[in-house]
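S.K.: Mind looking over this structure? Questions follow.
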Ligand code: SAM
């Protein structure tokens, strides 16, 4: 029996839990897909595919949407290929297997979605903003990093995690001080930053 899209999405989410693959929370996905519909987004560049869950959800919310997505972990990339094929979205989702920091992308996108190594957010932003249209958006997930960004650093035992939290705080400051963008951080899911690129001569 051919599985419904709903059943396939359920399988992808279950695989993520079983294999400890971090994927976007439901509130985050709802926000992202609603945003895409509201702003009539038709092209997305995603940094951090994992197993293709968010790319698939974005593609499903708008039949005219095309997603290019980059993943460096081979096992996840291969799983994403399988999932996208099962969903019959190969013609609208392009997968790139590479370290995003070593990847150069041609063309411009309405939306860039950053959901990869959290300590590298500034690098991803600076590398890919050249691929954003005037008036386009850069959305970044996990601005709260599981609630740790608003916690007293002394309470965070792991040195590694403290380092990531500091980098996220640096990224928030970078976004707020970036005069080329208007950034709002939404208290949704794990904290989502929306940075709107100002149009030339506009506000
Ligand atoms: N966006 C996915 C979703 O919600 O379905 C989840 C992405 S997961 C949070 C982050 C992914 O980014 C991981 O699979 C990780 O391997 C990948 N990643 C981290 N740094 C990367 C890099 N420099 N280049 C490409 N992929 C990267």
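S.K.: Can you classify region 93-136 as rounded, prolate or oblate using the Cα gyration tensor, where a ≥ b ≥ c are the square roots of its eigenvalues, rounded means a/c under 1.5, and otherwise it's prolate if a/b beats b/c and oblate if not? Write out the running numbers ahead of the final one.
M.R.: Working: a/c = 1.71, a/b = 1.21, b/c = 1.41.
Cα axes put region 93-136 in the oblate bin.
S.K.: Using only Cα atoms, what Kirkwood radius does region 5-119 have, in angstroms? Please report the intermediate quantities before stating the final value.
M.R.: Numbers: mean 1/r = 0.0709 Å⁻¹.
For region 5-119, inverting the mean 1/r across all distinct Cα pairs yields 14.1 Å.
S.K.: Apply the Debye scattering formula to the chain, with a single equal point scatterer on each alpha-carbon and no solvent, then give log10 I(q)/I(0) at q = 0.09, 0.11, 0.14, 0.16 Å⁻¹.
M.R.: Per q value, in the given order, log10 I(q)/I(0) is -0.33, -0.50, -0.82, -1.07.
S.K.: Calculate the all-directions average of the projected area of region 13-73's alpha-carbon convex hull, and give it in nm².
M.R.: Details: hull surface 16.3 nm².
Hull-based average projected area comes out at 4.1 nm².
S.K.: Hey, another quick one. Provide the descending list of Cα extents for region 149-203 along its principal axes, expressed in whole angstroms.
M.R.: Principal extents (largest minus smallest coordinate, Cα): 47, 20, 14 Å.
S.K.: May I pose another question? Could you tell me the distance between the Cα centroids of region 141-203 and region 89-116, to the nearest Å?
M.R.: Here the answer is 22 Å between Cα centres.
S.K.: Still on this structure, please answer the following. Using Cα pairs closer than 8 Å and at least 6 residues apart in sequence, work out the relative contact order for the chain, in percent. Numbers along the way, then the final one.
M.R.: Values: 331 pairs, mean separation 36.5, N = 203.
About 18 percent, as a whole number.
S.K.: A follow-up question, please. I need 33, 68, 184 ordered by Cβ neighbour count within 10 Å, fewest first.
M.R.: Numbers: 33 19, 68 22, 184 10.
Ranked by crowding around the Cβ, least crowded first: 184, 33, 68.
S.K.: Considering the Cα trace of region 91-203, what is its radius of gyration and what is Dmax, both in angstroms?
M.R.: 15.0, 48
The numbers here are math on the coordinates, done by the rules we state, and not lab data. Keep in mind the model is a prediction, meaning the values are calculated, not measured. Quick reminder, even Gly has a Cβ in these numbers, built from the backbone with ideal geometry, and neighbours come from all protein chains shown.
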